[in-house]
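Structure first, commentary second.
The values are calculated or read from the model by the stated rules, or taken from the named source; none is laboratory data. Just so it is clear, the model here is predicted, and its values are computed rather than measured. Glycine gets a Cβ as well: all are built from the backbone with ideal geometry, and neighbour counts include every protein chain shown.
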Amino acid sequence: MKKRFSKEQIIGFLREAKAGMVVKDLCRKHGFSEASYYLWRSKFGGMSVPEAKRLKELETENTRLKKLLAGSMLEIEVTREALRKKW
């Protein structure tokens with residue numbers, strides 16, 4: 001699924017609403033739903049742009065580490081199976 005807005009844009013939208021723009025008008029102006037706005041507010045509420053970039057980096061690193069862990073666990077399991085068959 002392609003995301004339409006970057007995290008930086010989302011934070012900008014949240015700042016506009018915080019500055020006093022009505023949420024309904026903000027959503028209409030930029031073309032997203034109110035539900036999306038409230039979801040973004042709960043996720044990115046007090047963040048600044050550098051914090052959002054750091055969050056993205058951490059999520060990417062976490063995904064990479066999970067894949068590495070899954071691969072090593074698979075190798076261990078294959079090795080154990082091979083050793084069981086030998087005996």
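Just one of GLU57, GLU77 is more than 14 Å from the chain's Cα centre (by Cα) and either modelled with pLDDT of 90 or more or β-branched (Val, Ile, Thr) (or both); which is it? Show your work before the answer.
Details: GLU57 fails: more than 14 Å from the chain's Cα centre (by Cα).
The unique qualifying residue is GLU77.
Inside segment 14-31, can you point out the residues that are touching a Phe, Trp or Tyr at 6+ places or on another chain (Cβ under 7 Å) and closer than 25 Å to LEU58 by Cβ?
LEU14
Within segment 22-42, which residues are in contact with a Lys or Arg (Cβ under 8 Å, 6 or more places away or on another chain) and of a type in the set (A, V, I, L, M, F, W, C)?
PHE32
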